[in-house]
Structures are given as C-alpha cells and as structure tokens.
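J.: Here it is, the structure in full.
Please treat every number below as a calculation from the coordinates, not as lab data. Here the structure is a predicted model, which means the values were calculated and not measured. With ideal geometry, Cβ positions are generated from the backbone for all residues, glycine too; neighbour counts draw on all protein chains shown.
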Amino acid sequence: MSQTVADFLLQRLRDWGVDHVFGYAGDGINGLLAAWEKADNQPKFVQARHEEMAAFEAVGYAKFTGRVGVCTATSGPGAIHLLNGLYDAKLDHVPVVAIVGQTNRSAMGGHYQQEVDLLSLFKDVANEYCQMVTVPEQLPNVLDRAIRIASSQRAVTAVIIPADVQDLDYTPPGHEFKMVPSSLDMSWSTPVPQESQLLRAAEVLNAGTKVALLVGQGARGAAAEVTQVAELLGAGVAKALLGKDVLSDELPWVTGSIGLLGTRPSYELMRDCDTLLVVGSSFPYTQFLPELDQARAVQIDIDPRMVGLRYPFEVNVVGDSAQTLKRLLPMLNRKDDRSWRTAVEHNVSRWWEVMQRRSATTADPINPELVFHTLSTRLPDDAIIAADSGSSANWYARHIKMRGTMRGSLSGTLATMGPGVPYVIGAKFGCPDRPCYALFGDGAMQMNGIN
C-alpha cells in the first residue's frame, strides 16, 4: 500500500516526538483520520467535544510539559472554532501547531460549502508562520518549519492541508530546482547578554536600598538564581499570575500575585521600593508598578521584542533568565541593612492572616474563599492546577499557596473564559503521573463544560 500525504504527516509528527494531537473529527480531515486508523492511533488522537476545547487542550499540554502542543480541526467552522484557544496560546507565548483541513483544491474560489480563506483567517494568530500545502513535496518543509518556529519563538503556527492533498500519494522533495528538502534535527542556543550590559544592571541594583523583584513565567527555569539575587539584595519578590508557580508562596519574602488580582504586600512592595528588577514578565498593568519617576529599573527578558515595555527601564537586558542571573550574581553586593526585607516579610505575614480571616467569614450557603483556602492546604506538592477566568482566578491568585513542584496556570493575557477544564485534560495526557485540578466557576462550566 502506498504512503499518502496524511500517512507521511503522522509519521513526521512521530519523528518529531509528538505523542498527542488534540482535535475534533470532520470531513475536511478525513484523510488524516484514515491515516490515524492505519497508524494504530499514533500519535494519539485525543478527541475533544469542540474544536475550541481541542485548542485549549493543546495549550494546556504545552504549558505544563514544555513541549509543542498540536491540535487539528476540519475546514470552515472547525478551523474557526480553533481561534480562541490559539489566541490564548499566542498571547501567553505558548508553542502550538494547528493542522487544519481545507476544501479540495478544485473547489477553491468557487464559493463552495465550508470554504473559508484560511490563510487570511489565521494570518494574525499564526503570524509567525502560516502556510497551505498544495503538493506532496511541500509537506516536510512546511511541517518542519511550523514545529521549529512554534518551539523556538513560543508561538502559534498553522499548516493548512486541502482534503484532496491529504489523499495523494506522498512524494518527497527531490534534488532539483525549486524543491525544498527538510530535516528533523533542531539545536538550541541560550542567549546571554554582554558583560557591559550586566555591569550596568549591577550598578543600578547595587545602588538601591529598597529593591523589588517582579518575576513572570520567563523566570520559571531560574528559581534558584532569583532566590539568590533576592537574598543578596534583601529584596521582596512579587509574581505575575503566569509566574505564580516560579517561587514557593511559603517563602516569607514572596509577596504573591500582583495586579488586578494581586495581594496587598505586592502593592506595598511596588509602592515603597526605590529599585525594580523585572525577570521574564510582560506584566501589562503599569498602574501597579512604581510611580514612573520613583524607581530605577532593570528588565531581563529572552525576547528582544518584549523589553522596554510597561516601565521606563534604565537597563534592558536580553538573555535567558537563568544564565543572565548566574552571570549577574557575582557583580551584586550583599546589602547588610535588612530592614527593607524585614518590612516586606511583615507585610506578607499580615496578608496571610487577612486571607485566613476572609476565608472564615460566614456566608450562605458557603464562602467560596473558604473552599479555595482549605483546598490549598490539601493539594499535593506535585499538583498541576489550572484556573479559569473570573472569580475563580481571583481566589486562585490569592488563596492557593504554591509549594514543592506545584505547577499552575490560567489564560493570563487573553483572560478568556473556558480553558480551565481543557487545560488539565491536556496536562493529564502530558503528565499522566501528576494529579491535575481545574478551578472554575459556573459561568465557565456553562460555556465549556461539554468536556
């Protein structure tokens, strides 16, 4: 039996180490579905109950495994339904590849059933890479680039494959003009800043007497280095919501979340500091940062497109968080005056007392804050937690104490309703040995409880 384009696509996904594809069946991907049957369901096809859920599941899988999430949907309405989940991935910088069906090539431009201009539809959400495969020889290059770009840029990419192309016999690209062969290997390099930039950052941080740190999801691999910097500088550390799991909330100088769903000690940290170091965060709410003429500030981010945002930073350092902080640490002076750190720890201790009292407030039929506060102490140290948008995000931000190897996330930038349950479905497929919990309210359940 000859190998079809769809057969080769699944083989290529397996070669890339993709083990799950989240999707919903439809005529526009019948060729892929037939290939899955022949391939003994490898990679595993996880059928959601709606294409939006499939996209959210891919996002959850990617967020909690660190690998590329893959989702698939049929042409027309199926592709359209993916968009909300894909925008969630784009705005939170999560690597997701969408493989989408399309009507036959012969019907394109004929106002045909379920014909939608998918290249235009996906050109914003998948602006880093969006291509349609029209001949078999094109597939390896397009798919490989989609995976590489999604992974390296932490972005959404889209591969559109017309239904008739899926059923064609696969022919690899040849050694000839206008053929583009491709390969699987992918190497990584970690960007590190120049020493001159680090010296400038160190000068700012050493000069301050009341140093505040703000960490986001980009600091997740740098917890040890963030801790050392905070100890040297006697600093308090606030966490953007997407970085809630970067540091344990049991550390007395961690002030918790910041912003609309933030804590009072995080507000006080920013209100009173004279120096700010932001690591791996694009936290959007400037009004929760220090006054614009109050603090000298340094930013560290791996993405040069994201530095200099939100605050008038004096030094913008482009580099991997862990490697940058490792190189910065020897340049920092330990602050002997620990009065600022003592004040931060006092504010944190007072805050947790307030949370305890709020959770103990009686309500009819029950105080929801009590549910979250009580749940926090009962969660396993290796729990994976996904919060939905709305009140559940508020209580997750303020009452759930991260500790151990806990992971947690939510729709941080898009703040869409509905990802809580599909996030943990994706997480459980990616991390089957870890307990997964979705925290969501009645609104999210009414919207997307079909899973």
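J.: Which shape class applies to segment 62-188: rounded if a/c is under 1.5, otherwise prolate when a/b exceeds b/c and oblate if not, where a ≥ b ≥ c are the square roots of the Cα gyration tensor eigenvalues?
T.: oblate
J.: I would also like to ask the following. What GluC sites (Glu not before Pro) does segment 278-378 have in DSSP loop regions with at most 15 other beta carbons within 10 Å?
T.: Passing both the DSSP loop test and the Cβ count: GLU291.
J.: Which residue, PHE64, ALA39, HIS50, has the largest displacement toward the positive end of the dipole of segment 37-76 when charges sit on each Cβ (Lys, Arg +1; Asp, Glu -1)?
T.: The residue sitting farthest along the positive end of the dipole is PHE64.
J.: Set the Förster distance to 51 Å, then compute FRET efficiency between ASN30 and GLN228 from the Cβ-Cβ distance, nearest 0.05.
T.: Between ASN30 and GLN228 the formula returns 0.40.
J.: What is segment 195-351 by shape, rounded, prolate or oblate, if you read a ≥ b ≥ c off the alpha carbon gyration tensor as root eigenvalues and call it rounded for a/c under 1.5, prolate for a/b larger than b/c, and oblate otherwise?
T.: Details: a/c = 1.34, a/b = 1.18, b/c = 1.14.
Because its axes are fairly even, with a/c under 1.5, segment 195-351 counts as rounded.
J.: Continuing with the same structure: Can you tell me the dipole magnitude for the chain around its Cα centre, using point charges on the Cβ only (Lys, Arg +1; Asp, Glu -1), in Debye to the nearest 20?
T.: Dipole size: approximately 1080 debye.
J.: Taking 0.36 nm per residue of separation and subtracting the Cα-Cα distance, what length does fully extending MET331 through ASP382 add?
T.: 14.9 nm
J.: Let me ask another. Taking the Cα centre as origin and putting +1 on Lys and Arg beta-carbons and -1 on Asp and Glu beta-carbons, what dipole magnitude results for segment 114-158, to the nearest 20 debye?
T.: Magnitude of the dipole: close to 240 debye.
J.: For SER257, which sequence-distant residues (separation of 5 or more, or a different chain) have an amide H within less than 5 Å of its own amide H, given hydrogens modelled in the peptide plane?
T.: Under 5 Å from the amide H of SER257: LYS239, THR263.
J.: Determine the shape class of segment 360-448: with a ≥ b ≥ c the square roots of the Cα gyration tensor eigenvalues, call it rounded for a/c under 1.5, and otherwise prolate if a/b is greater than b/c, oblate otherwise.
T.: oblate
J.: Do any GluC sites (Glu not before Pro) in segment 173-210 lie in a loop, going by DSSP, with at most 16 other beta-carbon atoms within 10 Å of their beta carbon, and if so which?
T.: Within segment 173-210, the qualifying GluC sites (Glu not before Pro) (loop, at most 16 other Cβ atoms within 10 Å) are GLU176.
J.: Something else about it: Explain nothing, just the number: dipole magnitude of segment 199-293 about its Cα centre with +1 on each Lys and Arg Cβ and -1 on each Asp and Glu Cβ, in debye rounded to the nearest 20.
T.: The dipole magnitude comes to about 200 debye.
J.: What list of ³J(HN,Hα) couplings, whole Hz, do you get for segment 256-268 from phi and the Karplus terms 6.51, -1.76, 1.60, once you set θ to phi - 60° and write x for glycine and proline?
T.: My calculation for segment 256-268 gives x, 6, 10, x, 4, 10, x, 9, 5, x, 5, 4, 5 Hz in order.
J.: Ok, one more. What list of ³J(HN,Hα) values in whole Hz, one per residue of segment 212-222 in order, does the Karplus curve 6.51 cos²θ - 1.76 cosθ + 1.60 (θ = phi - 60°) give from phi, with Gly and Pro shown as x?
T.: Working through the residues one at a time gives 10, 10, 10, 10, x, 4, x, 9, 4, x, 10 Hz.
J.: Just how many pairs of Lys in the chain have C-alpha atoms closer than 14 Å, counting pairs that are eight or more places apart or on different chains? List each step's numbers first, then the result.
T.: On the way: LYS44/LYS428; LYS63/LYS90; LYS63/LYS244; LYS63/LYS428; LYS90/LYS123; LYS210/LYS335; LYS239/LYS401; LYS244/LYS401.
Summing the qualifying lysine pairs gives 8.
J.: Here is a follow-up. Within the chain, which is the longest segment containing none of the chymotrypsin sites (Phe, Trp or Tyr not before Pro) that sit in a DSSP loop and have at most 14 other Cβ atoms within 10 Å?
T.: The segment 286-451 is the longest one with no such site.
J.: Okay, next question. Hull surface divided by four, with the convex hull built on the Cα atoms of the chain: how many nm²?
T.: Numbers: hull surface 95.3 nm².
For the chain, averaging the hull's shadow over all directions gives 23.8 nm².
J.: Continuing with the same structure: Tell me which residues come under 5 Å, amide H to amide H, from GLY408 once H is placed; ignore anything under 5 positions away on its chain.
T.: Those qualifying (amide H under 5 Å, at least 5 residues apart or on another chain) are ASP245, ILE385.
J.: Using the Kirkwood radius over C-alpha pairs as Rh, can you work out the diffusion coefficient of segment 1-70 via Stokes-Einstein at 10 °C, viscosity 1.306 mPa s, in µm² per second?
T.: Working: Rh = 12.5 Å.
Translational D for this selection: 127 µm²/s.
J.: Would you grab the residues whose amide H sits under 5 Å from the one on ALA297? Only those 5+ places off in sequence or on another chain, please, with H modelled 1.01 Å from N.
T.: HN-HN under 5 Å from ALA297: LEU276, GLU314, VAL315.
J.: At 222 nm, what value in deg cm²/dmol follows for the chain if DSSP H runs of at least 4 each add -39500 (n - 2.57) and the sum is divided by all its residues, to the nearest 500? List each step's numbers first, then the result.
T.: Working: 16 runs with 173 residues, N = 451.
Only helices count here, giving -11500 deg cm²/dmol.
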